[in-house]
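Read the structure below first, then the notes.
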Amino acid sequence: MMSPKTTRRALLTGGLLLIAGMAVLPGKAQAQTNSVLLFPAVVDGNRNESTKLVEEIVTESVRTQLAKVGITAVVYNKRLPSVQRALNESDKILTEKDIDAGPGDDTRKAQRFAEVVGASEYVTIFVDDYSFDAATRTAKFNLSLSRYNTAAGKALGTFANGQQGIAPADVAKARQEGSATARAADTGAQQGVTNLFPQLAKVATVAKAKPTKTTKPRSNEKKVTTIFGVLLGVLYLSTR
């Protein structure tokens, strides 16, 4: 059985821990974001170096914009552990051909991949009519984004719009296509993500617009600090 002194010390220590926990609790609960699987951009036309470049640039632009509104999207890749596990399952949910090709424009396959990965939502990207004019350093294409609910396979939103980007004249010629494409992709991704996730985009915009300033501690924080100090003093005296 603990002595009175030891009991007082234990109770006061518990009180300190409780108050410390109250001090670090945020004033408002953070909004929870559903898990999202992002499929790499599907670029129409024959596969070539430009196609691969556009696919990578547009996919990364969309992923970056999703991150800016608070969504950490997983980009589909056949090497994802969950995809590899599905490949090795005895019922063959996915075949080697399936994971190599990805869903393409088949929304049912996209839904299956999202189920395998465990994402509650998925986003598809399509790029049509891509062109780059070296003389004007201009990239043009039509960008389409769609957001789906995995459980129902239902579309939650779509976005489609033409995009254009112009590389600066001082960019090396070998990099001008990538620069122009990136500028067009960034603009389109920002527009598309805002359209598909309007509430999250609004919250992110408001948070960014708020000025950063030093504020005085709120009254509740002052009370917590005062109580913490009193308990700390009592604990010190009780151990003397």
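Results, tabulated for the structure shown:
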item: Surface per residue (accessible, 1.4 Å probe) for the range 40-177, Å²; result: 56 Å²
item: Sparsely packed chymotrypsin sites (Phe, Trp or Tyr not before Pro) within the range 42-136, loop by DSSP, other Cβ within 10 Å at most 16; result: none
item: List Thr158, Thr187, Thr72, ordered by accessible area with a 1.4 Å probe, largest first; result: Thr72, Thr158, Thr187
item: Fraction of alpha-carbon pairs over 29 Å apart in the range 35-201 - percent; result: 22 percent
item: Sequence of Asp44, Asp129 when ordered by accessible area, the most exposed leading, probe 1.4 angstrom; result: Asp129, Asp44
item: Rounded to the nearest 10 Å², the accessible area of Lys140 at probe 1.4 Å; result: 100 Å²
item: Within the accessible area of the range 35-201 (1.4 Å probe), percent carbon and sulfur; result: 47 percent
item: Rg and Dmax [Cα atoms of the range 87-143; Å; Rg one decimal, Dmax integer]; result: 16.7, 55
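The values are calculated or read from the model by the stated rules, or taken from the named source; none is laboratory data. Not measured: the values here are computed from a predicted model. Every residue, glycine as well, gets a Cβ built from its backbone with ideal geometry; the counts of neighbours run over all protein chains shown. Please note that ligands, DNA and RNA were not included when accessible areas were found on the heavy atoms of the full protein model with its side chains. Shrake-Rupley method; radii C 1.70, N 1.55, O 1.52, S 1.80 Å.
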